[in-house]
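*Asks:* Here it is, the structure, as structure tokens.
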Amino acid sequence: MTQTLDMPLRVAVIGYGPIGRLHARAIVDSPSATLVAVCDPDPARRDEARRQWSIPTYASVDDMLNEPCLDAVTIATPDHLHVEPALAAIARGCHVFCEKPLATTLADARRMVEAAADRQVHLSVDYNRRFGAGYRQAWQWLREGAVGRLEGCLIRVTDPVPPAKVARAPHVMLTTLLVHFFDLTRWYGGEVGQLCARAEETAPTGLIHRLTVSLELASGANAMIVGSYRAGQSCTREWLTLVGTTGSIVAENIDQRVILASAGLPQRVRQLTQQATELAIDDSIVAHLREFIDRLVAGRAPSVSARDGLSGMQLAAAAVDSLTSGKPVEVQIA
Ligand SMILES: NC(=O)c1ccc[n+]([C@@H]2O[C@H](COP(=O)([O-])OP(=O)(O)OC[C@H]3O[C@@H](n4cnc5c(N)ncnc54)[C@H](O)[C@@H]3O)[C@@H](O)[C@H]2O)c1
């Protein structure tokens with residue numbers, strides 16, 4: 001899987017909703033790739049893509065995969081519809097950039113990861129938070145030793161209440177939102193050894209509106225993730241605090257502001273942008289997809305691997321087990 005690919009990389013988008021549109025834009029704007037097709041069962045979305053990009057569109061994934069000579073696909077279908085298109089694309093030898101979560105069950109995520117390994121294609125999952133400017137700055141400061149050894153990580157995220165088509169399970173927050181923060185926790189702090197999840201607030205519909213997950217990392221550090229759905233909130237808001245042995249880092253709303261407080265040094269504040277979190281999310285998705293394309297062209301594996309995708313799903317599944325049993329759960333990241 002290390003061979004370089006001819007430029008421009010021929011990429012198709014599967015699922016042309018708000019995120020699929022963003023994928024298409026990232027591909028079109030990349031000097032290393034060309035958008036060759038879009039697939040969506042919704043005729044209005046196909047019309048829109050055809051008008052915008054003058055490319056063929058397809059109602060069925062199989063029809064699209066039979067047609068053009070594709071190098072890679074991106075998948076931006078609803079969460080529960082990632083698996084089949086991904087398996088079909090992998091079977092035809094395409095590399096896959098899949099929106100998070102890889103799947104809605106751990107078993108399906110495993111099938112995808114195993115299929116990609118068998119077919120020797122790359123499968124990446126869009127843990128785009130790693131590409132947010134504030135989160136990257138925090139990662140760099142941490143790696144430079146600006147706060148010493150990581151002892152604790154606190155993440156707080158609030159999101160609008162998801163529509164019924166997304167809220168397909170009481171604990172959907174774990175797979176659709178908190179997977180990002182499971183991944184950030186691993187990215188900053190390494191593997192998780194144990195976690196304990198608690199539903200703090202449940203709506204009359206049964207949907208968990210507030211969830212806390214505490215994690216013990218193999219390094220000895222601790223993490224706490226607090227996720228909430230808030231009625232009336234129009235966009236995601238999120239805050240990260242990393243506490244080290246000699247200081248702390250705070251990152252606000254992905255790319256707005258990062259603050260470094262390091263023992264004996266003046267506080268450093270980097271005001272990065274003033275933009276709304278939605279735009280930060282869009283920017284980080286585009287940056288991630290552009291990196292995925294560039295790495296494929298260079299014959300390099302994606303920086304967010306299929307295993308990272310699977311690890312997020314393992315942590316979500318462990319959190320469901322903990323919610324059910326009311327007990328901490330040991331985690332073995334395979
Ligand atoms: N990385 C992030 O920060 C981030 C942010 C928002 C959403 N997402 C993820 O992106 C994905 C898409 O989100 P969205 O808001 O654009 O969803 P959406 O439901 O608005 O759009 C999905 C599109 O997929 C199409 N579709 C359904 N089944 C299909 C199939 N079998 N083949 C092809 N197309 C199909 C639908 O017709 C629709 O146009 C979801 O998995 C979501 O969780 C990621």
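The values are calculated or read from the model by the stated rules, or taken from the named source; none is laboratory data. Bear in mind the structure is a predicted one, so any value in this text is a computation, not a measurement. Neighbour counts are summed over all protein chains in view; Cβ atoms, including those assigned to glycine, are modelled from backbone coordinates with ideal geometry.
*Asks:* Mind checking which residues of the range 125-140 are surrounded by 19 or more Cβ atoms within 10 Å (Cβ to Cβ) and either within 12 Å of the ligand (Cβ to nearest atom) or aromatic (F, W, Y) (or both)?
*Replies:* V125, D126, Y127, N128, R129, R130, F131, G132, Y135, listed by residue number.
*Asks:* Being of a type in the set (V, I, T) and within 16 Å of the ligand (Cβ to nearest atom), is that true of even one residue in the range 106-118?
*Replies:* First, pick out the residues of the range 106-118 that are of a type in the set (V, I, T): 113.
From what is left, the residues that are within 16 Å of the ligand (Cβ to nearest atom) are none.
No: the range 106-118 contains no residue that is of a type in the set (V, I, T) and within 16 Å of the ligand (Cβ to nearest atom).
*Asks:* Could you tell me which residue of the range 14-39 is farthest from the chain's Cα centre (by Cα), considering only residues that are within 15 Å of the ligand (Cβ to nearest atom) and of a type in the set (G, A, S)?
*Replies:* Looking at the filtered set, the residue picked out is A37.
*Asks:* Please work out which residue is nearest to the chain's Cα centre (by Cα), limiting yourself to the range 54-78 and to residues that are surrounded by fewer than 20 Cβ atoms within 10 Å (Cβ to Cβ) and under 19 Å from P18 (Cβ atoms).
*Replies:* Only one residue tops the list, namely P78.
*Asks:* While we're on this one: What tally of residues in the range 259-292 results from selecting those that are away from the ligand (no atom under 16 Å from the Cβ) and either crowded, with 16+ Cβ neighbours inside 10 Å or basic (K, R) (or both)?
*Replies:* Counting residues in the range 259-292 that are away from the ligand (no atom under 16 Å from the Cβ) and either crowded, with 16+ Cβ neighbours inside 10 Å or basic (K, R) (or both) gives 7.
*Asks:* Six or more apart or on different chains, Cβ atoms under 7 Å: show the pairs whose first residue is in the range 85-111 and more than 16 Å from F292 (Cα to Cα) and at pLDDT 95 or above and whose second is of a type in the set (S, T, N, Q) and not in a loop (DSSP other than H, G, I, E, B).
*Replies:* Going by the 7 Å Cβ cut-off, the qualifying pairs are P101/T175; P101/T176; T104/T175; L106/Q314.
*Asks:* If you don't mind, there's one more thing I want to ask. Which one is farthest from the ligand (Cβ to nearest atom), of the residues in the range 71-105 that are of a type in the set (S, T, Y) and within 21 Å of I27 (Cα to Cα)?
*Replies:* T74
*Asks:* Could you tell me whether A89 is touching a His at 6+ places or on another chain (Cβ under 9 Å), of a type in the set (G, A, S) and either surrounded by fewer than 18 Cβ atoms within 10 Å (Cβ to Cβ) or not in a strand (DSSP E or B) (or both)?
*Replies:* Numbers: touching a His at 6+ places or on another chain (Cβ under 9 Å): yes; of a type in the set (G, A, S): yes; either surrounded by fewer than 18 Cβ atoms within 10 Å (Cβ to Cβ) or not in a strand (DSSP E or B) (or both): yes.
In short, yes.
*Asks:* While we're on this one: Condition first: over 11 Å from I14 (Cα atoms), under 18 Å from the mean Cα position of the chain (by Cα) and not in a helix (DSSP H, G or I). Now tell me which residues in the range 92-121 satisfy that.
*Replies:* Matches in the range 92-121: H95, K100, P101, L102, A103, T104, T105.
*Asks:* Residues in the range 189-198: is at least one more than 16 Å from the ligand (Cβ to nearest atom) and farther than 24 Å from G309 by Cβ?
*Replies:* yes
*Asks:* What's the total number of residues in the range 194-216 that are under 22 Å from the mean Cα position of the chain (by Cα) and β-branched (V, I, T)?
*Replies:* The qualifying residues number 3.
*Asks:* Can you find a residue that is loosely packed, with under 15 Cβ neighbours inside 10 Å and under 30 Å from H171 (Cβ atoms) anywhere in the range 240-258?
*Replies:* No, because not a single residue in the range 240-258 is loosely packed, with under 15 Cβ neighbours inside 10 Å and under 30 Å from H171 (Cβ atoms).
*Asks:* Among (1) surrounded by fewer than 24 Cβ atoms within 10 Å (Cβ to Cβ); (2) touching a Pro at 6+ places or on another chain (Cβ under 8 Å); (3) not basic (K, R), where does T105 come up short?
*Replies:* With respect to (1) surrounded by fewer than 24 Cβ atoms within 10 Å (Cβ to Cβ); (2) touching a Pro at 6+ places or on another chain (Cβ under 8 Å); (3) not basic (K, R), T105 is out only on (2).
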